[in-house]
Amino acid sequence: MTESPDVAPQRTQSDPDDYLKQLGSSWHWALGFALATLIPGILILVWPDETLHILAVIIGLQFLVAGVFRFVTAFSHGGDGGGSRLAGVLIAMIAILAGVLVLRHPMQTIGVLSLIVGVFWLLTGVLRAYTAIADRALVHRGLLFGLGMLGVVAGIVVLCFPVDSAVALTRLLGLWFVLLGVFELVMALALRSSTRRVMKASPTA
């Protein structure tokens with residue numbers, strides 16, 4: 001009369017790993033991240049005369065939001081035995097750390113802010129490129145690899161040629177966020193198209 005046999009399936013169905021994997025693989029989640037990246041970029045470009053304090057707050061919040069999105073998305077990876085998932089978690093941790101560093105001292109100098117952004121772009125670019133190579137199950141791996149390499153180049157440029165004015169930093173960050181948001185939007189639409197093809201190919205009950 002024990003009910004133990006019924007407990008295991010319930011735990012499996014409500015397992016956090018399965019839930020995060022389903023959520024991170026959804027094109028709606030990818031679309032949400034695209035908008036969370038595109039909107040701050042547009043705001044930065046629309047308000048080019050904003051103070052460094054406001055710019056730092058927008059960047060810090062965007063990094064924190066990106067960290068949350070990347071953490072969930074990491075659970076959709078796993079094509080190489082978990083290495084790409086680990087890379088996704090590292091991207092999330094770097095994003096959250098960068099967000100905390102920026103928001104902790106929003107009145108910091110342009111040089112410090114540029115350093116944080118440059119290191120963030122460089123590290124996350126390398127990890128994205130690795131994920132695109134390692135995870136064969138990803139949709140449009142070439143696009144993700146190109147985005148990763150673009151991040152590497154952007155990080156190197158910022159670190160080697162420091163920005164010396166708030167206006168230049170504002171335009172650079174705004175353009176990067178818009179470009180990244182457009183890439184993420186394309187990835188979300190590609191994921192939606194792939195999902196619909198799978199649903200049409202699968203037999204209906």
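Values for this structure:
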| item | result |
| --- | --- |
| Matching residues in the range 84-107 - criterion: being assigned to a loop (DSSP other than H, G, I, E, B) and in contact with a helix residue (DSSP H, G or I) (Cβ under 7 Å, 6 or more places away or on another chain) | Pro106, Met107 |
| Residue that is least open to solvent (accessible area, probe 1.4 Å), among those in the range 18-59 that are under 19 Å from Thr170 (Cβ atoms) and acidic (Asp, Glu) | Glu50 |
| Residue satisfying condition, being within 24 Å of Phe75 (Cα to Cα) and outside any loop (DSSP other than H, G, I, E, B), within set Gly125, Gly111, Gly118 | Gly125 |
| Members of the range 108-154 that are farther than 30 Å from Arg192 by Cα and within 16 Å of the chain's Cα centre (by Cα) | Val117, Gly118, Val119 |
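The values are calculated or read from the model by the stated rules, or taken from the named source; none is laboratory data. Since the structure is predicted, the reported quantities are computational estimates derived from the model, not experimental observations. Cβ sites come from the backbone with ideal geometry, for glycine too, and all protein chains shown count toward neighbours. Ligands, DNA and RNA are excluded from the accessible area calculation, which covers all protein heavy atoms including side chains. Shrake-Rupley method; radii C 1.70, N 1.55, O 1.52, S 1.80 Å.
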